[in-house]
Each structure stands twice: as C-alpha cells, then as structure tokens.
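One structure is given below, encoded as structure tokens.
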Amino acid sequence: MWLKNPNAWLDISTYCNAACPQCHRTDPNGLGKANWLPLLQWDLETFKKVFPDPSRHKSYIFCGTWGDPVMNKDILGMVKYIADNSMSNIVIDTNGAMRDEEFWWRLGVCGGEQLTVVFAVDGSTQEMHAKYRRGTDLNKVLNHIREIASTPAIAHAFTIVFKHNEKHIAEITDLVKVN
C-alpha cells in the first residue's frame, strides 16, 4: 500500500565545501572528493518536473549524503517553490559554512515556518569543530544559525559525538542557543 503524503528524501548536490574524514564522499587519501563520485546537482526545472505538485509530500528532506544541499545553486528556488505551492515541511541538513548572511536570511524568509535548517556543529571551539568538519569555520556557522533564527524558519544544531568533543556537549549546546 502506498503511503499518503510520504516524505521525500533528496540528495540534490554532490558538491561540498568540507572535507569530513568519515563522510561517504571523502577520499580517505588526502580528504578530497572520492574519484568515483561525479560532481552533479539538480536544477530548479528538473526539480519542478519531478515534483509537479509539491503538496503530494508531507516533507521534503534535503540531506547531505553525497554533498551539502546548500551548495546547490537553485536551493533557494526549490525552497520557495515548495513553500509557495504546499504546506509541506522542508528540512535542510547542512554544515552551514558556505554562502553569506544575506543568503541565509533570504532562505529563512522564503521557507518561512515550513523550513527547518539543521546545522552541523561538532565543537565549542574552531579547533574542536574542525577536527571533523574540516574546511569549515565555526563562527561562520554560528552567524548563519543566528540569521535563520531571525526569520520565521527554525534553526537546529546537530552534533556527532566523538572522543574529542564528548565532554563538551553542554558547551556546544550553550553555544548554539539563540534567544
């Protein structure tokens, strides 16, 4: 039996600005992109063809299995298309260390209350965060969390617990709280 209004899980980009050592897309020899992974991204027109009626899905979850969805050049258009044509939830998982504050504010405004952005924060200091989120800037991520939180959208943080940060979870939690 088909589910009514199922969730859509989407990998819309294989591009990423980070070099996380245990990521699927990372070559363990040098931490670059794995050679077998092509650089691809969906465009807005393809997205609209695949999802002609965005209201058919309860949620659109833009995950980062093979790349960061915010690296997609048309992510704003996709979010706006879903928000303008449905009441569906929109979730974006991201390391949050790319683009500028204006982009993040615009993303939060166009997604509105339907949008939740889940930011990866794996440390309370740059050094701790970058042990895994290599190539990212913690302060930039925190600024982007604040930008999303200043809009109707929801900002969340996600932490992978490692030996190097396991005793700092409370500090990380305090760091990402936005009033």
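Residues whose amide H comes within less than 5 Å of that of LYS33, counting only those at least five positions distant or on another chain, are ASP27 (H built at 1.01 Å from N in the peptide plane).
Only protein heavy atoms count here; on that basis, with a 1.4 Å probe, ASP174 has an accessible area of about 100 Å². DSSP beta bridges fully contained in the chain are about 10 percent antiparallel. Taking the centroid of alpha carbons for each part, region 103-144 and region 24-93 are 17 Å apart. Along its principal axes, region 46-171 has C-alpha extents of 46, 27, 24 angstrom, given from the largest down. Stretching the chain fully between GLN126 and ILE169 yields a gain of 14.0 nm (0.36 nm per residue, less the alpha carbon separation).
Excluding ligands, DNA and RNA, the accessible surface per residue across region 94-179 is 51 Å² with a 1.4 Å probe. Scanning the chain for trypsin sites (Lys or Arg not before Pro) in DSSP loops with at most 11 neighbouring Cβ atoms within 10 Å leaves 5-162 as the longest stretch between them. On full extension, the segment bounded by ASN29 and LYS49 gains 3.4 nm, given 0.36 nm per residue less the C-alpha separation.
At a Cβ-Cβ separation cutoff of 4.7 angstrom, cysteine residues of the chain with no neighbouring cysteine are CYS16, CYS63, CYS110. At full extension, VAL178 and PHE158 could sit 5.8 nm farther apart than now, given 0.36 nm per residue minus the alpha carbon distance. When the pairs LYS48/LYS80; LYS58/LYS140; LYS140/LYS167; LYS73/LYS177; LYS48/LYS73 are compared against a 20 Å limit on Cα-Cα distance, LYS58/LYS140; LYS140/LYS167; LYS73/LYS177 fall above it.
Among the chymotrypsin sites (Phe, Trp or Tyr not before Pro) in region 14-58, those located in a DSSP loop and surrounded by at most 16 other Cβ atoms within 10 Å of their own Cβ are TRP36. The apolar share of the surface of the chain, taken as the fraction of accessible area on carbon and sulfur atoms (1.4 Å probe, ligands and nucleic acids excluded), comes to 53 percent. Annotation: average projected area of region 1-99 is 7.3 square nanometres, based on the convex hull of Cα atoms across all directions.
The values are calculated or read from the model by the stated rules, or taken from the named source; none is laboratory data. The structure presented is a predicted model; accordingly, all values stated were derived computationally and were not measured. All Cβ positions, glycine included, derive from the backbone under ideal geometry; neighbour counts span all protein chains shown. The protein model used for the area step is the full one, side chains on, heavy atoms only, and it has no ligands, DNA or RNA in it. Shrake-Rupley method; radii C 1.70, N 1.55, O 1.52, S 1.80 Å.
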